Amino acid sequence: MSQSSNYKAEGKQAFEHMENTNEKNGDMIVQREGGFDDESLTVAEEAALRKSVLWKLDTRILPVLALLFLFSFLDRTNIGNARNLGLQKDLALTSKQYSNCLAIYFVTYIVSEVPATLVLKFITPKIWLPLLTGLWGLLAAMMGVVTSYKGLLAVRALLGALEGGLLPGMVLYLSMLYKRDEMALRMGLVYSSASLSGAFGGLLATGLNKMAGVGGYAGWRWIFLMEGMYVQLLLVLPPFTVQSTQICTRHRLTIIVAAGAWIFLCTSVDTASFLTPQERIYARTRLNEDVPQPTDDTASANHGIFSWYQVRRAIFSIQTWLSAFAYFAILSALYSFGLFVPTIIQGLGYSAIRAQLFSVPPYAVAAFLTVIVAILSDKFKSRGPFMLFCLPFSIAGYALIRTSDSNSVKYGALFLMASGLYTSVPPVLVWLSNNSAPHYKRATAAGLQLSIANCGGFVATFIYPSKQGPHYIEGHTIILGLLCGAWVLVACNVAYCAWQNKKKEDGKCEQFRGDGSDRDPAFKYIL
């Protein structure tokens, strides 16, 4: 396999400190003279090396990210479960006050996303992501002891500010570890934990509600107390105590965690302790081969350095806005689905407890399908076309639940809604990252996309007021229109990327050759 001298130079620079050794293993020769030479590897040997690197990254990084995102989504949506179990009544909240508590979360969440992605490289993912999670675990537990509207409002605001940096940070982090055509599956595996959070959250809420009266706390308070403590135990932080240390000590789960998330995560493939020196060089080389590298001295010197120019490029990119507004529509549906599906199911005639249990199957099916679609998306190196296929399922689901009077049909519609929504998220999340380079354009684009998209939280919190129940026709109609708009925006983005690739093939972007950005003719946009 021929490699450009530029890519080999990158590998050599990354590992100049390594010993000059030759290792032989059968007919495989790995030359370590500061770099990685894979011309001496057979196809089978290189495939085995690639498999080893991906296996180690997948088993070391993805479970940690999935757990962090699972508990992020639990903390974000468990207020819907708590509402059904008495939160709104116990705190004497009006429907508007409850909606304000949901909305304030998204205000601070949105504001924090772009800054969080820009500082990720400075602080390093190994420190930044676990730090955010540990702090919001404390705040999530505090929601279990609030006694007033103002207290709940304040905690929700702080929670949003901390959680805002997690998802864009994870997207950016994965782009630092995996090739572009490997990201959808990894993001799908991580994001499927959000689907599972709906299932797990409903079951957990049902179980924790049975703790009502323990320590003098209502059942809904234990949802926040216990889930907040779960997060801290995962991060090996001191157990949170609230009002009565004896109560929390007596009822918390005594879980011993060998190491926290900050131990398992690595800063980059160059410093991953769980990879061998040979695997580190290979991992870096394959990432450099995935996107064009700068060839002139000026571009090389500035590559990877913070640049306001790259920030502006991300802000004024049409792909940023097309994908952001499409994701805005999807998240409007996704957040409303997560926050209000127990209420919707309860409106179909089930008790609050049975509503929690009946919310599990749609999420479980969606989690499975999310992974399947992500695998196919990577296999065919395609994002938009898969979204164009999946979104109509959720559109059909909202049309059914809006028009049908049958409880069984409405419940069946939830499967279509969840399946179409969750399967569309990994492709739209990684699509913009796949098509943005260098690092700080990608970081800005990822943060800005999510800042815009998460404005869907405002839509979600106000379009399903209690007075619309149990049919919520107005809310379903709004989401239905947004999803149709998302389909059109995705189609436009596919057409735009195809047009840009055609321009590069026709030699109309030669002035950017060798600049190491996504404008380089060697950089092909993923459709």
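The values are calculated or read from the model by the stated rules, or taken from the named source; none is laboratory data. All values reported here derive from a predicted model rather than from experimental measurement. Counting neighbours? That spans all protein chains shown, and the Cβs are built from the backbone with ideal geometry, glycine included. Just the protein is used for accessible areas: all its heavy atoms, side chains included, with ligands, DNA and RNA removed. Shrake-Rupley method; radii C 1.70, N 1.55, O 1.52, S 1.80 Å.
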What number of residues in the range 139-181 are closer than 30 Å to Ser436 by Cα and either of a type in the set (Ser, Thr, Tyr) or open to solvent by 10 Å² or more (accessible area, probe 1.4 Å) (or both)?
-> 9
Pairing a residue in the range 367-394 that is closer than 14 Å to Ser419 by Cβ with any residue that is outside any helix (DSSP H, G or I), where Cβ atoms lie under 9 Å and the two sit 6 or more apart in sequence or on different chains, gives Phe386/Phe380
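Tally time: how many residues in the range 481-519 are part of a loop (DSSP other than H, G, I, E, B) and either closer than 16 Å to Ala314 by Cβ or open to solvent by 50 Å² or more (accessible area, probe 1.4 Å) (or both)?
Step one: filter the range 481-519 for residues part of a loop (DSSP other than H, G, I, E, B), giving 506-509, 513-519.
Then drop every residue that is not either closer than 16 Å to Ala314 by Cβ or open to solvent by 50 Å² or more (accessible area, probe 1.4 Å) (or both), which leaves 506, 508, 513, 515-519.
Summing the residues that are part of a loop (DSSP other than H, G, I, E, B) and either closer than 16 Å to Ala314 by Cβ or open to solvent by 50 Å² or more (accessible area, probe 1.4 Å) (or both) in the range 481-519 gives 8.
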Going through the range 52-95 in order, the residues found to be without any contact (Cβ under 8 Å) to a residue 12 or more places away in the chain and open to solvent by less than 10 Å² (accessible area, probe 1.4 Å) are none
Go through (1) part of a helix (DSSP H, G or I); (2) surrounded by fewer than 19 Cβ atoms within 10 Å (Cβ to Cβ); (3) out of contact with any Gly (no Cβ under 6 Å at 6 or more places or on another chain) and name the single condition Thr108 misses.
-> (3)
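Kindly indicate whether any position in the range 131-138 is within 28 Å of Leu376 (Cβ to Cβ), surrounded by fewer than 22 Cβ atoms within 10 Å (Cβ to Cβ) and not charged (D, E, K, R). Can you show your working first?
Within the range 131-138, the first condition is being within 28 Å of Leu376 (Cβ to Cβ), and the residues that meet it are none.
No, there is no match, as no residue in the range 131-138 is within 28 Å of Leu376 (Cβ to Cβ), surrounded by fewer than 22 Cβ atoms within 10 Å (Cβ to Cβ) and not charged (D, E, K, R).
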Helices (runs of 4 or more DSSP H) wholly in the range 364-468 with at least 1 residues that are under 18 Å from Ile345 (Cβ atoms) - which ones?
-> 384-403, 407-434, 456-462
The range 393-408, residues that are surrounded by 15 or more Cβ atoms within 10 Å (Cβ to Cβ) and either closer than 21 Å to Ser323 by Cβ or among the acidic types (Asp, Glu) (or both) | Phe393, Ser394, Ile395
Filter the range 88-105 down to residues that are outside any helix (DSSP H, G or I) and either under 25 Å from Lys441 (Cβ atoms) or of a type in the set (A, V, I, L, M, F, W, C) (or both), then give me how many there are.
-> 3
Selection within the range 420-433 - of a type outside the set (Val, Ile, Thr) and either at positive phi or buried (at least 24 other Cβ atoms within 10 Å of the Cβ) (or both) = Gly420, Leu421, Tyr422, Ser424, Pro426, Pro427, Leu429, Trp431, Leu432
For Thr370, all conditions in the list (1) open to solvent by less than 10 Å² (accessible area, probe 1.4 Å); (2) hydroxyl-bearing (Ser, Thr, Tyr); (3) within 30 Å of Gly86 (Cβ to Cβ) hold save one; what is the number of the exception?
-> (3)
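Hey, does the range 357-364 have a residue that's open to solvent by less than 20 Å² (accessible area, probe 1.4 Å), at pLDDT below 95 and aliphatic (A, V, I, L, M)?
Going residue by residue through the range 357-364, those that are open to solvent by less than 20 Å² (accessible area, probe 1.4 Å) are 359, 362-363.
Adding the requirement that they be at pLDDT below 95 leaves 359, 362-363.
Next, only the ones that are aliphatic (A, V, I, L, M) stay: none.
Checking the range 357-364: not a single residue is open to solvent by less than 20 Å² (accessible area, probe 1.4 Å), at pLDDT below 95 and aliphatic (A, V, I, L, M).
Taking the options Ala486, Ala460, name whichever one is at pLDDT below 95 and within 23 Å of Ser192 (Cα to Cα).
On the way: Ala486 fails: at pLDDT below 95.
Result: Ala460 is the single residue among Ala486, Ala460 that is at pLDDT below 95 and within 23 Å of Ser192 (Cα to Cα).
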